[in-house]
Amino acid sequence: MLSSMPSGRNQRNPVTKDKLIDATFDLMEKSDDPLSVTTRQIAAKADVRPAMVNYCFGSRETPEVLKHYIDMRVDLLLSV
C-alpha cells in the first residue's frame, strides 16, 4: 500500500530545498564570479549530496536554484 511509504520518499524535502537556496545565495554573494559557483559547492555548503541539487531543482546544466538567484538579483538591480 503506497500510503504506508514515508512521505519524504516521494516528495522533495522543503527543508533541503531551503538549505540549497540559502547555500547558493551565500556562495554567490561571496564569489567574485557568481556564475562559477558549482552544484558541488552548493551541495557541500548545504551539507547534502550533490545529487540533491538536481533532485530538488532539475537540470544539471543550469539548476533552477541558480536561475532563481539570478532572477532575484536582476529584480533587485532593476528596482534601484
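Residues that are among the aliphatic types (A, V, I, L, M) and modelled with pLDDT of 85 or more within segment 22-38 comprise 23, 27, 28, 37, listed in sequence order.
Among the residues of segment 52-72, those that are at pLDDT 75 or above and over 11 Å from the mean Cα position of the chain (by Cα) comprise 70, 71, 72. The combined condition, being of a type in the set (D, E, K, R), touching a Phe, Trp or Tyr at 6+ places or on another chain (Cβ under 9 Å) and at pLDDT 80 or above, is not fulfilled by residue 45. Residues in segment 41-80 that are farther than 18 Å from residue 15 by Cα and charged (D, E, K, R): 60, 61, 67, 71, 73, 75.
The values are calculated or read from the model by the stated rules, or taken from the named source; none is laboratory data. Since we're looking at a predicted model, the values are computed, not measured. Counting neighbours? That spans all protein chains shown, and the Cβs are built from the backbone with ideal geometry, glycine included.
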